[in-house]
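Asks: Can you keep this structure in mind? I'll have questions shortly.
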Amino acid sequence: MQFTAQDISLLLNGTVEGDGAVTVHQLAKIEEGTEGSLSFLANPKYEQYLYTTNASVVIVNNDLQLTAPVKATLIRVENAYSAFSVLLEQYNTFKLNKKGIEQPCFIHPSAQIGTDLYIGAFAYIGQDAKIGNNCKIYPNVNISDNVTIGDNVTLFSGVTIYFDCVIGNNVIIHSGAVIGSDGFGFAPNPDGSYTKVAQIGNVILEDDVEVGSNTTIDRATMGSTIIRKGVKLDNLIQIAHNVEIGANTVIAAQTGISGSTKVGENVIMGGQVGLVGHITIANRSQFQAQSGVSRSVTEEGKKWAGTPAVPYNANMRSNVVISRLPELEKRINELEKIIQELKKGSQ
Amino acid sequence: MQFTAQDISLLLNGTVEGDGAVTVHQLAKIEEGTEGSLSFLANPKYEQYLYTTNASVVIVNNDLQLTAPVKATLIRVENAYSAFSVLLEQYNTFKLNKKGIEQPCFIHPSAQIGTDLYIGAFAYIGQDAKIGNNCKIYPNVNISDNVTIGDNVTLFSGVTIYFDCVIGNNVIIHSGAVIGSDGFGFAPNPDGSYTKVAQIGNVILEDDVEVGSNTTIDRATMGSTIIRKGVKLDNLIQIAHNVEIGANTVIAAQTGISGSTKVGENVIMGGQVGLVGHITIANRSQFQAQSGVSRSVTEEGKKWAGTPAVPYNANMRSNVVISRLPELEKRINELEKIIQELKKGSQ
Amino acid sequence: MQFTAQDISLLLNGTVEGDGAVTVHQLAKIEEGTEGSLSFLANPKYEQYLYTTNASVVIVNNDLQLTAPVKATLIRVENAYSAFSVLLEQYNTFKLNKKGIEQPCFIHPSAQIGTDLYIGAFAYIGQDAKIGNNCKIYPNVNISDNVTIGDNVTLFSGVTIYFDCVIGNNVIIHSGAVIGSDGFGFAPNPDGSYTKVAQIGNVILEDDVEVGSNTTIDRATMGSTIIRKGVKLDNLIQIAHNVEIGANTVIAAQTGISGSTKVGENVIMGGQVGLVGHITIANRSQFQAQSGVSRSVTEEGKKWAGTPAVPYNANMRSNVVISRLPELEKRINELEKIIQELKKGSQ
C-alpha cells in the first residue's frame, strides 16, 4: 500500500506543508526514517531529528515553529501523537485484516462457525466447536472438540485450545500458546510410582484477554481455570490448574503461577516471578521481576520483591546490606577481638 | 452423553435414594454443582454443601447419616471417593477416546503404524517411523524420520518429535512439547564467532512418562538424553543434552536442567529450579521452587532451597536473618560506638 | 546407511589395522560403543575403553601405542578428534539433507521461493514471502506474509515467523520458536483496563543465528528487534520488543530480556537470567545463571552474578557470609550481652 502526503492529510484533517504528491509506504520513528516512510514529531526533545530525518513525510503539531529548513513534507495537525496513533492502529488493522477460508483446512461438519472469518490452511476445528463472527484463525491452529469461541477473536499460527475450553470476545492468543492442557496432578503409589489424576475441568478466558506466545494455561482438575476480563499475559508464562486471575491483571514473561492460587484484579507482576499454590493475592499488588511469592497477600496495593517475597522497600534495604556482608563480618571479628582485650583489661 | 442416577448406581454397585430417573451429563465439585451434574461427598468437612448443592445426583458413603433434607438424588456406595474416581477416569477415557485417521494427514509409505490409532488431520509421520497400537496422534503433530513410538501413547496437537527419538509405552506428551531438538553446543573460534557442534544423539522417553506443554528436551550430542520410566514433567521445562532423569522423578513447571546432569530416582523439584551441568543428584532429593543448584548432591532424601542451594532448614534460617539485616547493621554500628567509648574510658 | 572400515579409512586418508570389511551404521562414544558402531579415541584418559569397547571400528591417533589386545578394527589418522568431527558433521548433513516439496503444503502464488528447497507437508508460506536457495522448511512451519528468508536456512517443525520479519543466511530455528509475535505494550485507562498499543515493527535475525526450541522473539513496537550475526539462543528464551543483541552473543535456556535493552557483542549469559528493560550491556560481559540484572553494565568483559546482579566475586563472598548469618547474629547477641556487662563494670 502506498499513500501520498495529501491522502494522509485528508484522513487526519491536517494541512500539507511541502510536496503533497510525495508517497509513503511504511511508518518509522523520526530518527530512523528512510525515504518512503511516514513519521511524526510530538516530543520537543526529538525536534533536532526533524531537520535531519530522511522520512518523506512527518506529522507535526499545528503550533510547531521551525528553526531550520526541513526536507520532508509536513502534515500539521492539532495533536501529532494521537494522529499518528490513529494511523498506527489503522495500519495494523489493515495488516491483520485477513478474510476467507484457505484450503486445506479441517472443519468438522458439526462445528458452528460465524461470518466474516479468516481460517488459514491446516487449521483444525473439532467436533461441536462454536466460533463467533469476525474471528481470525491463522494456519495450523488447533481448536479441539466442543471449544466455544466468541466474536473478534484472533488466534495466531500454532495456537492449541484443548476440548471444552471457552474463549470470550476480542481475545488475542499468540503463536504456540496452549490453552487447556492437563493440570499437573498425580497420586503417589507405595512403590514410588505415580498415578495420573484425571483432569476433567476446562479453561475460561473472558473478554479482552491477550495471551503471549508459548504461554501455557492448564485446565482445572474439576471446574475451571479462569482468566478474567482484560487480563494481559506475556510470553512463556505458566498458569497451573484451577488458578484464577482477576480482571485487568498484567503479567510479564516467564512468570509461573502454581495450582489453585487466586490472583486479584489490577495486579502487576514482573517477569520470572513464581507463586506457590493455594494462596490469594490482593488487588493492585505489584511484584518485582524474579520475586518468589510463598504466602498470601491480604493488603491491597502493596509492592513486593525478593525470594521469599517481602515488602519492596525492605527487600531493597536488605539487598544493600547483603552487598556489605563480607565487610560486616570483618567488623564483628574486630569487635570480638577488642572485647576480648577489654575483658582482659577489666579483670 | 447423559445417564440416569439408576444407570450410574448399577455401574457402581450402589443404592439409589430418591428419583432414579433424574439425568446427569457432567461432573462437578459439590460446592459448584448445577442441575444436570453429578457430584460426590467423601470429606465430612463438606457435608454442609450436601444440603444446598444444585447437583442432581450425589454419591455418598453408605454410612452417611443425613441431618437435613436433601434435594439431590443420592447414590450410596462403600467408598464415595474411589467410586467417583472410577467415574472420573471413565469420563476422561470417553472424552479422549478418539479413533480413526482424519484426512489430510501425511504418513510416509515406509512408516509402520499399529492398530486402533487416532491420527488427526495435518499430522505428519516421517520415513521409517514406527508407531505402536492404540496411540492417539492429534492434529498437527510432527513425528520425524526414524522415530519409534510404543503402544497407548498420546501426543496432543503440535507436539514435535525429531528424527531417531524413541518413545516408550503409555507416554503422554502435551501440546507444543519438543523432543529431540539440537543440544546447545558450540565451539568458540579465535575471531569470537562459534561453530556448531553436530548433535547426532537422540532422546529416549521410557514407559509411563508424561511431558507437559511446551517443554523442550534436547537430543544428546552423542548417545541419548534419557527420561526414565514414570517421570512426570510439567510445562515449559528445559532438559538439556545428555541429561538423564531417574525413574519416578517429578519436576514442576519452568525448571531447567543443564547438559550432562544426572538426576536420581524419586526426586521432586519445584517450579523454576535451575541445575548447572555435569552434576549428579541423589535419589529422593527435594528442591524448593526457584532453587539454584550448583553442586552435586550425594546424600539421598534431603531437602534443598535457595541460590546457591543449601539444606532447606539452613536456607530458612538465613532468610529470617536476611529480613533483619538492616537492623543487625545498626546494632553493629551501635556496638562500635559503645566500644570506642569503653576503650577511651579504659585508657 | 552402512560403511566398511575400509570406506571410512579412505575418506579420512587413514590406515586400517584389523578387518577392513567390518561394517558400521552409527556413531558412538567409545564407552558406549556397540556392535556396528564407529567410535574414536583422542583423550588418553579414555584409553582403557579401547580394550573393552564393543564398537566395531575405532579411529585412533597414528602415534597411539597399544598396551593390550584390541577387538575393534582400528583406523589410524593424524588427529583422531578432528577426523571424527569431520564424520560427525557429514553424518548430520546426511541426516538433514532433505529435498523436495511434500504435499499438501501451502505456497501463496505471490511467494518467491528459491531452488534446492525442502518444504514439508502442511508448511505455510504466505503472500509476498521470499525464500532463498537450499532452505529446509519442515512440516507445519508457518511463514507469514511478506517474510524474507535468506539461503541455507533451516526451520524445524512448528516454527512460526510473523509477517514482515527478516531472516538472514545460514539461520537455524528449532521447533516451536516464535519470531515476531506482538511486543507486550498496553496503555492504562482510567478505569483500570488497558488498551493495546499496536506493534507494527518486525524482527531481524542476521546471518548464522541459531534459535532454540520454543524461544520467543517479539516484534518491535516500531523499527526492529535485532539479533545480530552469529548469536546463539538456547530453548525457551524470551526476547522482548525492540531488544538488540550484539554479534556472537550466546544465551542459555529460559533467560528473559525485557523491552528495549541492548546487549553487546560476545556476551555470555547462563540460564534463567533476567534483564530489566531499557538498559545497555557492555561487550564480553558474562552473567551467571539466575542472575537478575537491573542496571546497565558499562565496563566490558566483567563477570556478574546474583539478584540484583553484582560482580561475580562479590556475590560469591556475600553468599558465603549468608550461609553463616544465623551464627553471625548469635555472635552479635553475645557481643551485646558482654558489652552490657562491661558497661556496668565500668560505671
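The values are calculated or read from the model by the stated rules, or taken from the named source; none is laboratory data. Fair warning: this is a prediction, and the values are worked out from it, not measured in the lab. Virtual Cβ from ideal backbone geometry, glycine too; neighbours counted across all protein chains shown. Just so you know, the surface numbers come from the protein's heavy atoms only, side chains and all, with ligands and any DNA or RNA stripped out. Shrake-Rupley method; radii C 1.70, N 1.55, O 1.52, S 1.80 Å.
Asks: Kindly evaluate B:Gln127 against the criterion of being surrounded by fewer than 18 Cβ atoms within 10 Å (Cβ to Cβ) and part of a loop (DSSP other than H, G, I, E, B).
Replies: On the way: surrounded by fewer than 18 Cβ atoms within 10 Å (Cβ to Cβ): yes; part of a loop (DSSP other than H, G, I, E, B): yes.
Taking the combined requirement at face value, the residue satisfies it.
Asks: Follow-up. Can you report the number of residues in the range A:22-64 which are assigned to a strand (DSSP E or B), over 15 Å from A:Tyr81 (Cβ atoms) and either under 31 Å from the mean Cα position of the chain (by Cα) or without any contact (Cβ under 8 Å) to a residue 12 or more places away in the chain (or both)?
Replies: Pass one, the range A:22-64, residues assigned to a strand (DSSP E or B): A:23-24, A:26-27, A:37-41, A:57-61.
Adding the requirement that they be over 15 Å from A:Tyr81 (Cβ atoms) leaves A:23-24, A:26, A:37, A:57.
Next, from what is left, pick out any that are either under 31 Å from the mean Cα position of the chain (by Cα) or without any contact (Cβ under 8 Å) to a residue 12 or more places away in the chain (or both): A:24, A:26, A:37.
Selection size over the range A:22-64: 3.
Asks: Just to be sure before I move on: is C:Gly192 in a loop (DSSP other than H, G, I, E, B), within 10 Å of chain A (Cβ to nearest Cβ) and under 17 Å from C:Leu275 (Cα atoms) in the structure I sent? Before the answer, list the steps.
Replies: Details: in a loop (DSSP other than H, G, I, E, B): yes; within 10 Å of chain A (Cβ to nearest Cβ): yes; under 17 Å from C:Leu275 (Cα atoms): no.
Taking the combined requirement at face value, the residue does not satisfy it.
Asks: Give the range B:264-273 a look and list any residue that's closer than 15 Å to B:Thr307 by Cα and open to solvent by 10 Å² or more (accessible area, probe 1.4 Å), or say none. Talk me through it step by step, then tell me what you get.
Replies: Let us first name the residues in the range B:264-273 that are closer than 15 Å to B:Thr307 by Cα, namely B:269-273.
Residues satisfying the conditions are B:Gly270, B:Gly271, B:Gln272.
Asks: Return the only residue of A:Gln90, A:Gln6, A:Gln26 being surrounded by fewer than 14 Cβ atoms within 10 Å (Cβ to Cβ) and among the polar types (S, T, N, Q). Before you say what the answer is, go through the steps one by one.
Replies: Details: A:Gln6 fails: surrounded by fewer than 14 Cβ atoms within 10 Å (Cβ to Cβ); A:Gln26 fails: surrounded by fewer than 14 Cβ atoms within 10 Å (Cβ to Cβ).
Exactly one of A:Gln90, A:Gln6, A:Gln26 is surrounded by fewer than 14 Cβ atoms within 10 Å (Cβ to Cβ) and among the polar types (S, T, N, Q), namely A:Gln90.
Asks: Moving to a separate point now. Looking only at residues that are out of contact with any Ser or Thr (no Cβ under 9 Å at 6 or more places or on another chain) and surrounded by fewer than 23 Cβ atoms within 10 Å (Cβ to Cβ) in the range A:146-167, which one is farthest from A:Ile119 (Cα to Cα)?
Replies: So the residue we want is A:Asn146.
Asks: Can A:Gly158 be described as within 14 Å of chain C (Cβ to nearest Cβ) and part of a loop (DSSP other than H, G, I, E, B)? Steps first, please.
Replies: Numbers: within 14 Å of chain C (Cβ to nearest Cβ): yes; part of a loop (DSSP other than H, G, I, E, B): yes.
It is true that A:Gly158 is within 14 Å of chain C (Cβ to nearest Cβ) and part of a loop (DSSP other than H, G, I, E, B).
Asks: Can you pull out the residues in the range C:194-219 that are out of contact with any strand residue (DSSP E or B) (no Cβ under 9 Å at 6 or more places or on another chain) and more than 18 Å from C:Ile137 (Cα to Cα)? Break it down into steps so the answer makes sense when it comes.
Replies: Start the filter on the range C:194-219 by keeping residues that are out of contact with any strand residue (DSSP E or B) (no Cβ under 9 Å at 6 or more places or on another chain), which leaves C:198, C:207.
Within the range C:194-219, just C:Ala198 meets the criteria.
Asks: Here's something else I'd like to know. What's the number of the only condition in (1) surrounded by 23 or more Cβ atoms within 10 Å (Cβ to Cβ); (2) assigned to a strand (DSSP E or B); (3) hydrophobic (A, V, I, L, M, F, W, C) that B:Phe184 fails to meet?
Replies: Unmet for B:Phe184, out of (1) surrounded by 23 or more Cβ atoms within 10 Å (Cβ to Cβ); (2) assigned to a strand (DSSP E or B); (3) hydrophobic (A, V, I, L, M, F, W, C): (2).
Asks: Any residue at all in the range B:152-170 that's closer than 30 Å to C:Val267 by Cα, free of Cβ contacts under 8 Å to residues at least 24 places away in the same chain, assigned by TED's automatic domain parsing to the domain that holds B:Ser110 and of a type in the set (S, T, N, Q)?
Replies: no
Asks: Take B:Ala111 and decide whether it is among the aliphatic types (A, V, I, L, M), under 28 Å from the mean Cα position of the chain (by Cα) and more than 12 Å from every other protein chain (Cβ to nearest Cβ). Can you show your working first?
Replies: Values: among the aliphatic types (A, V, I, L, M): yes; under 28 Å from the mean Cα position of the chain (by Cα): no; more than 12 Å from every other protein chain (Cβ to nearest Cβ): yes.
No.
Asks: When only residues in the range B:245-263 that are open to solvent by 10 Å² or more (accessible area, probe 1.4 Å) and over 17 Å from the mean Cα position of the chain (by Cα) count, which is nearest to B:Thr307 (Cα to Cα)?
Replies: B:Ser258
Asks: Follow-up question, since we're still on this one. For the range B:280-300, give me each residue that is basic (Lys, Arg) and closer than 13 Å to B:Ile257 by Cα.
Replies: Restricting attention to the range B:280-300, the residues satisfying the condition of being basic (Lys, Arg) are B:284, B:295.
B:Arg295, the sole residue that qualifies.
Asks: Of everything in the range B:93-108 that's among the hydrophobic types (A, V, I, L, M, F, W, C) and surrounded by 13 or more Cβ atoms within 10 Å (Cβ to Cβ), which residue is nearest to the other protein chains (Cβ to nearest Cβ)? So that I can check it myself, show each step before the final result.
Replies: If we filter the range B:93-108 for residues that are among the hydrophobic types (A, V, I, L, M, F, W, C), which is where we start, we get B:94, B:96, B:101, B:105-107.
Applying the additional criterion that residues be surrounded by 13 or more Cβ atoms within 10 Å (Cβ to Cβ) yields B:96, B:101, B:105-107.
Working: B:Leu96: 8, B:Ile101: 12, B:Cys105: 9, B:Phe106: 4, B:Ile107: 10 Å.
Step by step, filter the range B:93-108, then rank; the result is B:Phe106.
Asks: Among the residues of the range A:294-310, write down those that are within 14 Å of chain B (Cβ to nearest Cβ) and either of a type in the set (S, T, N, Q) or surrounded by fewer than 16 Cβ atoms within 10 Å (Cβ to Cβ) (or both). Let's see the steps before the verdict.
Replies: Residues of the range A:294-310 that are within 14 Å of chain B (Cβ to nearest Cβ), as a first pass: A:294-295, A:304-310.
Hits for the range A:294-310 are A:Ser294, A:Arg295, A:Thr307.
Asks: Can you tell me which condition B:Gly176 does not meet? The list is (1) in a loop (DSSP other than H, G, I, E, B); (2) more than 10 Å from chain C (Cβ to nearest Cβ), and all the others hold.
Replies: It fails just one condition, (2).
Asks: Now for a separate question. Name the one entry in B:Ile217, B:Ile200 that is on the phi < 0 side of the Ramachandran plot and at pLDDT 95 or above. Spell out the reasoning first.
Replies: Details: B:Ile200 fails: at pLDDT 95 or above.
Result of the check over B:Ile217, B:Ile200: B:Ile217.
Asks: Within the range C:32-55, take every residue that is closer than 28 Å to B:Asp128 by Cα and open to solvent by 70 Å² or more (accessible area, probe 1.4 Å) and give me the one that is modelled with the lowest pLDDT.
Replies: C:Glu32
Asks: Follow-up question, since we're still on this one. Name the pairs: first residue in the range B:197-219 and within 11 Å of another protein chain (Cβ to nearest Cβ), second residue of a type in the set (Lys, Arg) and part of a loop (DSSP other than H, G, I, E, B), Cβ to Cβ under 6 Å, at least 6 apart or on different chains?
Replies: Close Cβ pairs satisfying both conditions: B:Gln199/B:Arg219; B:Gly201/B:Arg219; B:Asn202/B:Arg219; B:Asp207/B:Lys229; B:Asp208/B:Lys229.
Asks: Looking only at the range C:9-21, filter to residues that are assigned to a helix (DSSP H, G or I) and within 19 Å of C:Leu64 (Cα to Cα); which one of those is least open to solvent (accessible area, probe 1.4 Å)? I'd like the intermediate steps shown before the answer.
Replies: Pass one, the range C:9-21, residues assigned to a helix (DSSP H, G or I): C:9-12.
Checking which are within 19 Å of C:Leu64 (Cα to Cα) leaves us with C:9, C:12.
Working: C:Ser9: 4, C:Leu12: 29 Å².
Within the range C:9-21, the match that is least open to solvent (accessible area, probe 1.4 Å) is C:Ser9.
Asks: Hey, another quick one. Would you call A:Tyr81 outside any loop (DSSP other than H, G, I, E, B), touching a residue at least 12 places away in the same chain (Cβ under 8 Å) and loosely packed, with under 15 Cβ neighbours inside 10 Å? Quick ask: steps written out before the conclusion?
Replies: Working: outside any loop (DSSP other than H, G, I, E, B): yes; touching a residue at least 12 places away in the same chain (Cβ under 8 Å): yes; loosely packed, with under 15 Cβ neighbours inside 10 Å: yes.
Yes: the conditions hold for A:Tyr81.
Asks: How many of the residues making up the range C:311-347 are among the small types (Gly, Ala, Ser) and at the interface with chain B (Cβ under 9 Å from one of its Cβ atoms)?
Replies: Here is the first cut: in the range C:311-347, the residues among the small types (Gly, Ala, Ser) are C:314, C:318, C:323, C:345-346.
If we keep only those that are at the interface with chain B (Cβ under 9 Å from one of its Cβ atoms) too, we end up with C:323, C:346.
Count: 2.
Asks: Output the number of residues of the range B:277-289 satisfying the condition of being within 12 Å of another protein chain (Cβ to nearest Cβ) and surrounded by fewer than 21 Cβ atoms within 10 Å (Cβ to Cβ). Break it down stepwise before answering.
Replies: Of the range B:277-289, the ones within 12 Å of another protein chain (Cβ to nearest Cβ) are B:277, B:283-284, B:288-289.
The next check asks that each one be surrounded by fewer than 21 Cβ atoms within 10 Å (Cβ to Cβ); those that pass are B:277, B:283-284.
Looking only at that region, the number is 3.
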